[in-house]
Amino acid sequence: MTFADLGAGEAIFLDANPFVYHFVSDPLYGAACSQLFQRVENQEIRGLTSTHVLTEMAHRIMTVEAIGAFAWPVAGIARRLRQHPTLVQQLAGFHQAVERVLQSRIQVLTIPVPQVAAGTMLSRQIGLLSNDALIVAVMQANGLSKLASSDQDFDRIPWLARYEPV
């Protein structure tokens, strides 16, 4: 299913990748992600995410921005950023992206400690990476079954309907 298949009034949890595709203007997925966020802004659908997804989004946008700004290769990007804190200070796109999300109609859910524990249990049970398992735990706790993500690992969750950009 794609974002276009979401009906009016539906609620969807937003993974980090739609945000990244939108904010970095991804040539393949950027337009569909921007349309999804516009539907949330128009209150046609309800968009939710979590604090941990926002930090994952910020990190990924920071790395994309650094690769472009400093002509660095993808390999070893986090290590390079740690070694050059003054260059990190020059990056602004990740901060602007977080601010735009916080000013939008997207509801940002905070994560109580029991949901973190539930996420780690799901990670062990299903074999999901910890951030993805935490998304599933947050969705369960909030009665959500629809997820906007291009990550096929979520297809292992039988009750979860994953929507891709295109």
Residues satisfying the stated conditions in segment 101-131, i.e. surrounded by 11 or more Cβ atoms within 10 Å (Cβ to Cβ), within 26 Å of Val40 (Cα to Cα) and either of a type in the set (Gly, Ala, Ser) or touching a residue at least 60 places away in the same chain (Cβ under 8 Å) (or both) = Val101, Ser104, Arg105, Ile106, Gln107, Val108, Leu109, Ile111, Asn131
inquiry  = Conditions first: (1) in contact (Cβ under 8 Å) with a residue 60 or more places away in the chain; (2) within 19 Å of Asn17 (Cβ to Cβ); (3) of a type outside the set (Asp, Glu). Phe94 passes all but one, so which condition is the exception?
reply    = (1)
request  = Would you check if Met139 is in contact with a Phe, Trp or Tyr (Cβ under 7 Å, 6 or more places away or on another chain), assigned to a helix (DSSP H, G or I) and modelled with pLDDT of 95 or more?
outcome  = yes
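Condition first: surrounded by fewer than 17 Cβ atoms within 10 Å (Cβ to Cβ) and over 19 Å from Ile77 (Cβ atoms). Now tell me which residues in segment 47-66 satisfy that. Show your work before the answer.
So the first thing to find is which residues in segment 47-66 are surrounded by fewer than 17 Cβ atoms within 10 Å (Cβ to Cβ), and the list is 51, 55, 59.
Thr51, the sole residue that qualifies.
Residue-by-condition table, conditions (1) part of a helix (DSSP H, G or I); (2) more than 25 Å from Val138 (Cβ to Cβ); (3) without any contact (Cβ under 8 Å) to a residue 40 or more places away in the chain:
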| position | (1), (2), (3) |
| --- | --- |
| His52 | yes, no, no |
| His59 | yes, no, yes |
| Thr63 | yes, no, yes |
| Ala69 | yes, yes, yes |
| Arg79 | yes, yes, yes |
| Arg82 | yes, yes, yes |
| Leu87 | yes, yes, yes |
request  = Kindly check whether there is at least one residue in segment 4-19 that is closer than 17 Å to Val136 by Cα and part of a loop (DSSP other than H, G, I, E, B).
outcome  = yes
ask   = Is there any pair with a first residue in segment 7-22 that is over 15 Å from Arg46 (Cβ atoms) and a second that is of a type in the set (S, T, N, Q) whose Cβ atoms are under 7 Å apart and which are 6 or more apart or on different chains, and what are they?
value = Asp15/Ser149; Asn17/Ser149; Asn17/Ser150; His22/Ser34
key: Unique residue being surrounded by 16 or more Cβ atoms within 10 Å (Cβ to Cβ), in contact with an Asp or Glu (Cβ under 9 Å, 6 or more places away or on another chain) and aromatic (Phe, Trp, Tyr) when the list is Tyr21, Tyr29   = Tyr29
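This table checks each residue for (1) modelled with pLDDT under 95; (2) within 23 Å of Ala4 (Cα to Cα); (3) among the charged types (D, E, K, R).
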{"position": "Arg60", "(1), (2), (3)": "no, no, yes"}
{"position": "Ala78", "(1), (2), (3)": "yes, no, no"}
{"position": "Val98", "(1), (2), (3)": "no, no, no"}
{"position": "Trp159", "(1), (2), (3)": "no, yes, no"}
note = When (1) under 27 Å from Asp153 (Cβ atoms); (2) among the aliphatic types (A, V, I, L, M); (3) surrounded by 13 or more Cβ atoms within 10 Å (Cβ to Cβ) are applied to Val74, the one that fails is (3)
query = Out of (1) closer than 28 Å to Ala32 by Cα; (2) surrounded by fewer than 18 Cβ atoms within 10 Å (Cβ to Cβ); (3) not basic (Lys, Arg), what's the single condition that is false for Gln83?
reply = (1)
query = Can you name the condition, by its number, that Asp15 falls short on among (1) over 28 Å from Gln152 (Cβ atoms); (2) surrounded by 18 or more Cβ atoms within 10 Å (Cβ to Cβ)?
reply = (1)
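The values are calculated or read from the model by the stated rules, or taken from the named source; none is laboratory data. Computed from a predicted model, the values in this text were never measured in an experiment. Positions of Cβ are backbone-derived with ideal geometry, glycine not excepted, and every protein chain shown enters the neighbour counts.
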